[in-house]
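Computed from the coordinates by the stated procedures, all read-outs in this text should not be read as laboratory data. Please read all numbers here as calculations on a predicted model, not as lab measurements. Virtual Cβ from ideal backbone geometry, glycine too; neighbours counted across all protein chains shown.
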Amino acid sequence: MTLRVTLFSTCLVDLFQPNVGIATVELLEKLGCEIDFPPAQICCGQPAYNSGYLHEAKPAMIHLLETFQHAEYIVTPSGSCALMLKEYEHVFQDDPKWHAIAKQVASKTYELTQFIVHVLGVTKIDTSLSGTAVFHTSCHMTRLLGAKEEPKLLLNNVENLTIQPLTGQSQCCGFGGTFSVKMGDISAEMVKEKVEHIKQVSPDYLIGADCGCLMNIGGRLSREQQTIEVLHIAEVLNQGMEG
Amino acid sequence: MPLKIKSGPFKQRLAFELNNDFMRKAVSSAQDGLGVRRDIATDQLGEWEKWREAGQEIRQHTVNNLAHYLEQFSEQATKSGAHVFFAKDDVEATNYIKQIAERKNAKKIVKSKSMVTEEIGLNAALESIGCEVVETDLGEYILQLDDHDPPSHVVVPALHKKKEQIRDVFVEKLNYKKSADPEELAKHARYTLREKFLEADLGITGCNFGVAESGSICLVTNEGNARLVTTIPKTQITVMGMERLVPTFEDLDVMVSLLTRASVGQRITSYVTLLTGPKKQEEVDGPEELHVVIVDNGRSKILGTDFQEILQCIRCGACLNVCPVYRHIGGHAYGSIYPGPVGAVLTPLLDGYEDHKELPYASTLCGACTDVCPVKIPLHSLLLKHRQKIVETEGKAPISERLMMKAFGFGASTNSVYTGGSKMAAVSLKILLKNKQSISNGPGLLKEWTNSRDFPTPKQSRFRDWMKEREGTKND
């Protein structure tokens, strides 16, 4: 049976990383899903919410709830945005109408690798990428959403790819949404240390599952004129077989 | 307010600390070392998550029933011969302690480590009436010698100092002539402090836990100085934050097991001291008079609010030891004796938002603090609650930010605005950037990003455009 997946591409993917969205669509289709992309979707509201602007974030949240309420599965290539969608349930605790919808939406929302492993039951995808890589475990995705093992499982099964250990792997890269500009000086020091650790390994690829972190670390790698290629896990898994 | 340790705006403090390479190296290597030790110690214990749950339950239960346990503790302590005094704030607490010092004609005072006495500014108060107050915890002693450099960590107060710096302080203040070898430094401090213990009229301690069922005071230390503070002077004063109780000894067992492991990665510290009342007739040492000063100083205001869980804190410092922000800015940048995630939550509650409104934003909300907390305080959620309060009820957010967020709220819920706006942004940035792939010197807020990182340019063909085109082709 074909699963109908409603894709939440996230605003970062829409504006800055369309290639990640494209890889997500192609990957899910290869895995037998049918993709639905409601064009009304915009942003999960996290930039405002995490800065303390609940009042300003709510319209964005309601807009997404309206957009996604009838979906069967909501899949997003971002642990952080998936977490935010699940957070709506708490935000609308005292609002019976939206709380009920938020609860439904939360139960149907999956980060991409969680969806592949737990709903599709797939842990090995026929794909190959030659070289070495380090994986950046995003904080929201691993600590708060709890998607720790899924990306590792999928990456370990990519042919010809060696995932190497990274010092301070679980340490935040310093993105933190608006933190990166509100506390730019601290954020800079955090990402510099992250990049130092990556350079120690000197891998071919830096792989992550959240575009925010990848933009941050990638931005620093680019500033330091490093040739390490930054890839979203969807892009890795959508490589196909080499040769 | 003694809670505050540095003046000047947050950004200024930050710039100063970020340039302090010495401190930053000291803090990051301490974090790494403590992290390894913590993981080993918690693994050895096994079922760490269950221990955390047990700790959370004990502390939540205690805080939920704080009035009851305070009454029980006070009754039992009094029964055992201690004098219990409830101080509503720093002034009441320090006045009471000053009165005792005056009554006892105490000139020389030894102290063991205590954060709450820092919070109420006790040393300065006692010095103002002519007492000599000597800190006997090695870290605190170093800081006191170094012209009262404030602590930068709740457990390891001199974490920001290198041994060479400590040697310099000893050379200047103690006529020390030996090397920067920690053992030699400690030996010298011990030698100097031994004299101070022997001549002290009054001993002052903090309190890790008060045991309600017996009125006992529990002190968890590594250096043995608290034992000397509580055995040699004839009078002892113990100062305790009002929330630092556990109901029973059985609960204490759980809490100490959590505290030493979460804090410094030890299965147990060298000394765990339990004191019930002053010296009994048949006992050979201990104080003849014991006072327990229970300090409120803003804590009871937190009860029943969204922030109540912060009162579960046992001051283990584990959240400081994992915080990636604390790692780079150190304790002093927070401007409070309570730094790190716990400090960023607690300080504005105890001392108001006015001087501390940046603290809740000094976090990426990465959740490392919440994950490590041995009593499961949702620290990152409490930081977020502070942000909401600062923006929505306190109205302390900058106007430019408020306007930007208003625009965000509108744009992120109105399709025509988002679609049109994002298209326009891509086009205008493209022109501005002369077709470069990324921005290396952005204007306004973007500058905060591009100071250290390149920023990608928005793509002229957004993901949604690709999707639309694809749907179109499919339907053809």
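Worth pointing out:
- When only Cα pairs below 8 angstrom with a gap of at least 6 residues are kept, the range B:55-301 shows a relative contact order of 28 percent.
- C-alpha center-to-center spacing [the range B:264-286, the range B:120-177] in angstrom: 25 Å
- For the range B:313-368 versus the range A:90-138, the gap between their alpha-carbon centres in whole angstrom: 31 Å
- All other residues whose Cβ lies under 9 angstrom from that of residue A:216 are scored, Lys and Arg at +1 and Asp and Glu at -1, for a net of +3.
- Gyration tensor (alpha-carbon) shape descriptor, the range B:1-122, a/c threshold 1.5: oblate
- Taken along the Cα-to-beta-carbon direction at a fixed 7 Å, the label points for residue B:284 and residue A:72 span 8.2 nm.
- Residue pairs, from the table A:108/B:459; B:79/B:279; B:108/B:234; A:182/B:357; A:124/B:474, whose Cα atoms sit over 20 Å apart: A:108/B:459; A:124/B:474
- With both residues required to sit in the protein assembly as shown, DSSP beta bridges show an antiparallel share near 20%.
- Distance from the range B:404-468 to the range B:1-73 (C-alpha centre basis), Å: 39 Å
- When only the Cβ of Lys, Arg, Asp and Glu is charged (+1, +1, -1, -1), the dipole of chain B relative to its Cα centre reaches about 2020 debye.
- Where both bridge residues fall in chain B, DSSP classifies roughly 30% of the beta bridges as antiparallel.
- Nearest-ten-degree value, helix B:48-64 long axis tilted from longest Cα axis of chain B: 70 degrees
- Neighbours of residue A:102, meaning other residues whose beta-carbon lies under 15 angstrom from its beta-carbon, give a summed charge of 0 when Lys and Arg score +1 and Asp and Glu score -1.
- Cα-Cα over 26 Å, subset of B:111/B:161; A:86/B:376; B:11/B:173; B:4/B:111; B:301/B:396; B:88/B:111: B:11/B:173
- Student exercise, the protein assembly as shown dipole from Lys, Arg, Asp, Glu Cβ charges, in Debye to nearest 20: 1200 debye
- Full extension of the segment from residue A:185 to residue A:90, taken as 0.36 nm per residue of separation minus the current Cα-Cα distance, would add 31.0 nm.
- Selected from A:204, A:126, A:94 as most flexible by GNM, with chain A as the system and alpha-carbon contacts under 10 Å: A:94
- Stretched out straight at 0.36 nm per residue, the stretch from residue B:234 to residue B:45 would grow longer than its current Cα-Cα span by 64.1 nm.
- Within chain B, B:131, B:207, B:218, B:313, B:316, B:323, B:373 have no other Cys Cβ under 4.7 Å of their Cβ and so lack a disulfide-compatible partner by this rule.
- Pairwise FRET efficiency - residue B:168 versus residue B:473, Cβ, R0 = 56 Å, nearest 0.05: 0.15
- Proximal aspartates and glutamates to residue B:423, defined as alpha-carbon separation beneath 18 angstrom and excluding residues fewer than eight positions away on the same chain: A:14, B:465, B:469
- GNM flexibility winner over chain A from A:137, A:167, A:76 (Cα, springs under 10 Å): A:167
- Lys, Arg +1 and Asp, Glu -1 on Cβ, resulting dipole of the range A:123-237 about Cα centre, debye, nearest 20: 280 debye
- The residues packed around residue B:298, meaning those with a beta-carbon under 12 Å from its beta-carbon, carry a net charge of -3 if Lys and Arg are +1 and Asp and Glu are -1.
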